[in-house]
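Just so you know, all these numbers are worked out from the coordinates, no wet-lab data involved. These numbers come from a predicted model, not from an experiment. Cβ placement follows ideal geometry from the backbone for every residue including glycine, while neighbour counts extend to all protein chains displayed.
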Ligand SMILES: [Zn+2]
């Protein structure tokens, strides 16, 4: 009785229009499907205030922000009102057929029987042309688009405030990054077939162990884990901090690779000799310093089989009671390719890990000419196992990866790599780690 008396029904209009900006905007009532249209607005470097204003003043059902483009699902009437701002997309909207695809490489998008509405960072929004996509929603990389979304946002349109003032010690460490040495290491790794289940990966494992062991004060160990019938190994270098040894910073990259024909070759120059060589380059530099905090340099295996190495490492942290010590995890996966002169670099994390964005973006602005893009849609790389445990973790990846032609192919060779792309990324990364760890070069 009592319950029934107080029972109230709240009707939520799930398809209501976004109307903000108060008096100047009026909701469009009951638009028919024929009324709707996708429009694209160029938002490159318009700044956070103008971007917010656009979203507020133009009536729309859905907004999709994608780096340089803002896509709105709006009405033809509204589009006509702002015609000078819009490019109308030649795609008939089907609102119930929109899907978000994670890790949306061009090869994947082509296979999906859909039209790409927007793509940025490592995600895309696709409108299905057949029932195929809907049948794929069991897959973790495919989900229905339920609300407005930011696929990726460029730094120029963000209100991230990179107010960090870097020390002279940090500047010295940044200047020690050697792009040539990074590229040579990458080239050497790419001569090895590093398929996780193949015999060649042992050579890469030994190379990582030897390289890290040759560095002063570096304590090197391996972590074995199983992948079905295969035993794989993470290689872990530890540089113990002087005054804050229980503040842990992790720099990680997967050293395994894959291709369409792993018995032939799997050079994985970009994916991910580039990140592995980056991890080793930073290890070489920081081994000459005295960091206040402890820094780990980790080569993960089994990434291509489902992040097996990083999951194993997180399990080890938990089992040994060390999870709480980890203050920041920086993973690098594909840092050396660019498809054009725009050196764009993506930082990918969740809300917690995005606390690391200001440090990295400030570093990028002070020490590089990278164009930074950020996203809060973390997916499918070694940052994810840490994120799932609430550890601040992010992925650094070049922003053109989705158009890298030999991705996961035998053609992923060192001639596709641009030295400046890797070098700039490592300068940014070195600055952030130097600052957080309080590293200083030792007097020689
Ligand atoms: Zn990778």
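Listing 337, 386, 207 from fewest to most neighbouring C-beta atoms within 10 Å gives 207, 337, 386. In the chain, the longest principal axis of the Cα atoms and the axis of helix 48-57 are about 30 degrees apart.
The DSSP beta bridges internal to the stretch 321-439 are antiparallel in roughly 30% of cases.
Potential lengthening of the chain between residue 77 and residue 94 amounts to 4.3 nm, from the contour at 0.36 nm per residue minus the alpha-carbon distance.
Counting pairs of alpha carbon atoms under 8 Å apart in space and at least six apart in sequence, what relative contact order in percent does the chain give?
Values: 977 pairs, mean separation 73.7, N = 444.
In percent, rounded to a whole number, it is 17.
Ranking of 426, 112 by neighbouring Cβ atoms within 10 Å, starting from the fewest: 112, 426.
What translational diffusion coefficient, in µm²/s and rounded to a whole number, does the Stokes-Einstein relation yield for the stretch 168-437 at 25 °C and a viscosity of 0.890 mPa s, taking the hydrodynamic radius as the Kirkwood radius over Cα pairs? After rounding, the answer is 137 µm²/s. Counting only DSSP beta bridges whose two residues both lie in the stretch 168-437, roughly 45 percent are antiparallel. Fewest neighbouring Cβ atoms within 10 Å first, the residues 225, 300, 195, 441 line up as 441, 225, 195, 300.
For the pair the stretch 116-193 / the stretch 326-402, the C-alpha centres are spaced 6 Å from each other.
With the simple spin-label model, which puts each label point 7 Å out from Cα in the Cβ direction, the residue 107 to residue 35 separation comes to 4.5 nm.
Normalised radius of gyration for the stretch 328-444, please: alpha carbon Rg relative to 2.2 N^0.38 Å, two decimal places.
On the way: Rg = 14.6 Å, N = 117, 2.2 N^0.38 = 13.4 Å.
My calculation over the Cα atoms of the stretch 328-444 gives 1.09.
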